[in-house]
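Heads up, the thing below is written out as structure tokens.
What follows draws every value from the coordinates through simple rules; no lab data is involved. Keep in mind it's a predicted model, so treat the numbers as computed, not measured. Here the Cβ positions follow ideal geometry from the backbone for every residue, glycine too, while neighbour counts run over all protein chains shown.
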Amino acid sequence: MKGEKSFTVRAYQRAARTISRLPSEATDMLARGEDLTEISGIGKAIADKTAELVDTGRLGFLDRLIAEFPPGIPALMDVPGLGLKTTLRVWKELGVTDLDQLEAAIETGALAALPRMGRKSADNILRAVQFSRSKSNRLPISRALAVTRQLTAAILERCSEVDRVIPCGGVSRFDEEVEEIVLACVTSKPKSVLGAASSLPGFAALLVTRDSESTIEFESGVRVTIHVVDPATQGAAILYLIGNSGHVQLLGQRAAEQGFELSERGLADISTGVLETFAGEESLYDRLEMPFIRPEERLGGNEITQAVSGDLSKLVTLEDVKSDLHAHTDWSDGRDEMAAMVREAKGRGLEYIAITDHSSGRGIANGLSLERLLAHMAAVKEVEREVGGIKVLRGTEMDIRADGSVDYSDDLLRELDWVVASIHSAMGQESSVMTERIITAMNNPHVSAIGHLSTRLIGERKPIEADYDAIFRAAAETGTALEINGSLERLDLKDARVERARKLGAMLVITTDAHTTESLGNLEYGVKVARRGLCRVDDILNTMPADKFIFWLKLDKRSRIVSSSGHD
DNA sequence: GCCGTTTTCGGCCCGACTGTTTTCAGTCG
């Protein structure tokens, strides 16, 4: 906006990305006396600024920069459809410096009157403004889990009296977004723990405090309630803190049928009034003569009936999944080398992995040109030999263009073992166009699976509009698998759509969309979604052992349809 | 702002898509 060289901006963006993906924290590296300029993409200027941030928690350069602009400008830039040029223009030419003024400028037609603007652009921006207004201030699960991990470590570090910190509430239930973070501290000295809450890093205010709980707000706006629970009787307390309320209510009914009253203290015998306490949730479920139910399945639906009948125990587990079929390396926009990714996958016990770097359409993601794809394919086989003990499939994540055509030719695709086709552009198409586009891609005989079908980013980007049922049916007919993308930002397909797709006969795969070795762990999240979609082993293609899967891949796509669905 | 075994200055920055235009500017990923 200041008219400086775009390369300067890019240098900062690249450095920020590099730092966020470092295998160790920059703070720790500086503490160890390491020189950040040795990292590619970080020179003297950015290393100095990083050091200032680490030392003082502030950056004078950034503070001065922010002071040069009206405070509403960043929010304007965040509106999809408003980029650098248009933001600058509405500010300088129309005097618009916040969302309200922008909305007014659209209503008077002032925005549409700007050069190269028009009715349609203005309408799109208006819709985007309304969406950014409606955006909840809830935390997406990816952020909530990260904050939970940080807080857990900080509490354990500061309070030696705490035996364990147990995540509760929406985070433990794996809700897509949560209002607040709920933590249970297992301790026999509650006072000292609640007293220490205000010393947590980033603490802003104490909102509520009671005997056994404190609700605090952090500078980031995140709200956290910390409960203290007694180790000897924590079972029922944790159950209540995890919820959800519907699930707890149903458990209460089951308890009543067996002559107990369930409370956060334990089970009281209705006839004698004697209270039985539990040191853990497992023993409580056990006492109610039923299997333990994982927090993410406590939805207040019919999970208790399903657990008792044994149906929940038939659902797919992480151990059942034999491979990852969506992973990036530093050939495109991944952080780590192919060999490192494959070694990590092997270390996690996978039998096979497909390396699916981006296709040429993803220019900025360093997508692979035809020539580089050929080299990539050779590299895959080389890494397979080098690492050993794990099959490595030659793959791609290829763009589905606006008209349903794809980036690579049939002749090239034929040479690949596994082809994921995904939408990364023109996400605002009208439903019928979008549906047609995706079905066209599925009709390609070489497209093995559709990646992150809805393209949503939780809390950030709405899913595409399409006739999902038609897509699920076409997936079943064409033998195209649908992905349950376990990346925390996506979780796409989502649970309800997984269930629907399965019922309509579509084949499913669980993948990580990993861009780093650590994120190969996303498989765990994909499994949670699959379980909520009531998937069993047979519903998930990559539960097949390597040999069987590779044999199956050699079949003509339309004859690949496996016996899935219909077990309801 | 970063980088460099030919370079310490001059490259780096791609391609699809939309909506506006009659040839392309702006946005996005």
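List of remarks:
- Rounded, prolate or oblate (a/c below 1.5 giving rounded, otherwise prolate when a/b exceeds b/c) for segment A:318-559 by Cα gyration tensor: rounded
- Of the trypsin sites (Lys or Arg not before Pro) found in segment A:171-233, those in coil by DSSP whose Cβ has at most 11 other Cβ atoms within 10 Å are A:ARG210.
- FRET efficiency for the pair A:ASP48 and A:LYS2, taken as 1/(1 + (r/R0)^6) with r the Cβ-Cβ distance and R0 = 22 Å, rounds to 0.65.
- Which listed pairs, of A:LYS85/A:LYS462; A:LYS391/A:LYS503; A:LYS322/A:LYS554; A:LYS49/A:LYS92; A:LYS85/A:LYS120; A:LYS314/A:LYS494, have C-alpha distances above 22 Å, in listed order: A:LYS85/A:LYS462; A:LYS391/A:LYS503; A:LYS49/A:LYS92
- If R0 is 25 Å, the Cβ-Cβ spacing of A:ARG385 and A:TRP552 corresponds to a FRET efficiency of close to 0.60.
- Pairwise centroid distance, computed over Cα atoms, of segment A:1-47 with segment A:330-359, Å: 25
- Label sites at A:THR108 and A:ASP211, each approximated as a point 7 angstrom past Cα along Cα to Cβ, lie 6.1 nm apart.
- Net charge over other residues, Cβ less than 14 angstrom from the Cβ of A:ALA205 (K, R count +1; D, E count -1): -2
- Whole-angstrom gap from segment A:491-557 to segment A:115-155, using each part's C-alpha centre: 28
- Debye, to nearest 20: dipole size of segment A:6-67, +1 on Lys, Arg Cβ, -1 on Asp, Glu Cβ: 360
- Global geometry of segment A:6-67, whether rounded, prolate or oblate, following the gyration tensor of its Cα atoms and the 1.5 cut on a/c: oblate
- For segment A:142-149, backbone phi angles converted through the Karplus equation (6.51, -1.76, 1.60; θ = phi - 60°) give residue-by-residue couplings of 4, 5, 4, 5, 5, 4, 4, 4 Hz, Gly and Pro being listed as x.
- Potential lengthening between A:GLU518 and A:GLN253 on full extension [0.36 nm per residue; Cα-Cα distance subtracted]: 91.2 nm
- Think of segment A:318-559 as a dipole: +1 on every Lys or Arg Cβ, -1 on every Asp or Glu Cβ, centred on the Cα centre; then among A:GLY459, A:LEU534, A:VAL387, A:LEU534 lies furthest on the positive end.
- Contour excess over end-to-end distance, with Cα ends at A:ALA146 and A:ARG500 and 0.36 nm allotted per residue: 124.4 nm
- Loop sites in segment A:3-87: GluC sites (Glu not before Pro), DSSP, at most 10 other Cβ within 10 Å: A:GLU4, A:GLU68
- Mean residue ellipticity (222 nm) of chain A, computed from DSSP H runs ≥ 4 via -39,500 (n - 2.57), nearest 500: -12000 deg cm²/dmol
- Net +/- balance of residues flanking A:SER271 in space, Cβ distance below 15 Å, scoring K and R +1, D and E -1: -4
- Karplus-based coupling profile of segment A:394-405, in residue order and whole Hz: 7, x, 7, 10, 10, 5, 9, 6, 4, 9, x, 6, with θ = phi - 60° in 6.51 cos²θ - 1.76 cosθ + 1.60 and x standing for Gly or Pro.
- Taken about its Cα centre, chain A carries a charge dipole of roughly 1160 debye when the Cβ of each Lys and Arg holds +1 and the Cβ of each Asp and Glu holds -1.
- Under 5 Å, built H, 5+ apart or other chain: amide partners of A:ILE484: A:LEU493, A:VAL509, A:ILE510, A:THR511
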